[in-house]
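Notes follow once the structure below has been shown.
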Amino acid sequence: MSTTTISPSTSQQRKKVTTLMFRQKKEHGEPITMLTAYDYPTAMAIDKAGIDSILVGDSLGMVVLGYENTLPVTMEDMLHHARAVSRGAKSALLVGDMPFMSYQVSVEEAVRNAGRFLQQAGMDAVKLEGGRERADVVRAIVGTGIPVMGHLGLTPQSVHQLGGFRAQGKTASAAKRLLEDAHILEEAGVFSLVLESVPARLAEYISKQISIPTIGIGAGAGCDGQVLVTHDLLGLFERFTPKFVKQYANFHAEMNKAFTEYLDDVETKRFPAVEHTVEMSDDEWDMFQKEIK
Ligand code: KIV
């Protein structure tokens with residue numbers, strides 16, 4: 001492991017993170033950090049913390065828009081949130097997640113939609129789910145100069161085909177297929193690969209077998225980087241938290257506390273107090289009284 005730091009993690013004016021830096025971090029054995037964001041203030045805070053990359057994930061369908069799964073999320077939803085994120089984050093590598101049916105119908109549509117993330121929403125790269133069945137689409141998008149991040153293992157857009165949000169690659173044959181898909185995506189040109197909810201020993205093996213960095217979520221410590229859904233990390237999403245999440249805060253409880261205190265303050269007339277109030281001089285007030293007589 002090298003002692004050279006590819007990107008300083010807390011510098012105020014750090015350099016823009018690039019896909020090349022992802023590759024260099026893997027070569028130096030330096031973990032890549034990634035979180036999701038869907039809005040301006042969260043993107044700003046993540047960027048300021050020095051996180052390498054922000055994924056505008058289609059998980060926003062569940063944690064922000066309240067859907068049961070990610071399938072209803074549209075290109076317009078994604079672009080709307082991606083624009084807000086790109087206004088807030090100037091250094092992190094920004095990855096826009098291609099939503100369900102934005103890249104499955106035809107290669108042309110996939111390329112056009114990938115382009116919209118860069119042209120209309122300030123993203124630096126796109127991510128899409130799937131293995132061998134997406135190789136042509138990956139090749140075509142990469143061929144236009146747009147960096148693509150792959151996503152294997154638990155691919156939430158296939159939730160109905162997978163029979164639920166369940167871990168993948170747990171049998172010898174499934175593991176072999178996953179390894180093959182990783183090689184196929186690497187050959188097709190992805191710059192990085194998300195491995196979601198797969199056995200740690202398989203994720204570590206794949207990470208060693210391919211030259212592009214793997215980003216794990218529920219895939220153990222052997223990946224080249226880690227990503228989490230920010231709402232899970234912050235404890236903002238109460239409905240359900242996957243086993244692999246480490247919760248660093250309980251913002252849902254904090255919000256609840258703040259809202260009930262506000263309610264109490266308003267009901268008991270403790271808020272607004274004098275310091276929250278706009279004043280008017282006595283002279284102006286007297287003149288006003290005369291004006292309305
Ligand atoms: O949509 C998302 O947030 C994702 C991550 C879980 C990798 O795809």
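Read-outs: derived from the displayed coordinates by stated rules, not from any lab. All of these numbers come straight from a predicted model, not from anything done at the bench. All Cβ positions, even for glycine, are placed from backbone atoms using ideal geometry, and neighbour counts span all protein chains on display.
Data overview
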read-out	value
Calculated from backbone phi, Karplus (6.51, -1.76, 1.60) coupling profile of segment 90-104 in Hz, x at Gly/Pro	9, 10, 5, 6, 9, 10, x, 8, 6, x, 3, 6, 9, 9, 8
Computed P(r) (all Cα pairs; the chain; 10 Å bins; percent)	6, 25, 32, 18, 7, 6, 3, 2, 0
Under 15 Å, Cβ to Cβ, from LYS90 - net charge with Lys/Arg +1 and Asp/Glu -1	+3
Computed [θ] at 222 nm, deg cm²/dmol, the chain (DSSP H ≥ 4; -39,500 (n - 2.57); rounded to nearest 500)	-12500 deg cm²/dmol
Flagged links, alpha-carbon separation over 32 Å, of LYS16/LYS208; LYS176/LYS243; LYS127/LYS176; LYS26/LYS48; LYS246/LYS269	LYS246/LYS269
Distant-in-sequence amide H partners of LYS127 (H built 1.01 Å from N, under 5 Å)	GLY96, ASP97, MET98, MET149
In order through segment 181-191: 3J(HN,Hα) via Karplus (6.51 cos²θ - 1.76 cosθ + 1.60), integer Hz, x for Gly, Pro	4, 4, 5, 5, 5, 4, 5, 6, x, 5, 8
Under the Karplus curve 6.51 cos²θ - 1.76 cosθ + 1.60, θ = phi - 60°, whole-Hz ³J(HN,Hα) for segment 201-206, x wherever Gly or Pro sits	5, 6, 4, 5, 5, 4
At most 10 other Cβ within 10 Å, DSSP loop - trypsin sites (Lys or Arg not before Pro), segment 124-206	ARG166
Total formal charge among the other residues, if their Cβ is under 14 angstrom from that of THR155, Lys/Arg +1 and Asp/Glu -1	-1
Equivalent ellipsoid semi-axes - Cα gyration tensor, segment 136-190, angstrom	24, 14, 7
Centroid-to-centroid separation of segment 20-50 and segment 171-209 [C-alpha atoms, Å]	21
Net charge of neighbours whose Cβ lies under 12 Å from the Cβ of ALA258, counting Lys and Arg as +1 and Asp and Glu as -1	-3
Bins of 5 Å, starting at 0 and running to the largest distance - Cα pair percent for segment 206-293	3, 11, 11, 10, 9, 9, 8, 7, 6, 6, 6, 5, 4, 3, 2, 1, 0, 0
Gain on full stretching of the segment that runs from GLU133 to SER158 - 0.36 nm per residue minus C-alpha separation	7.7 nm
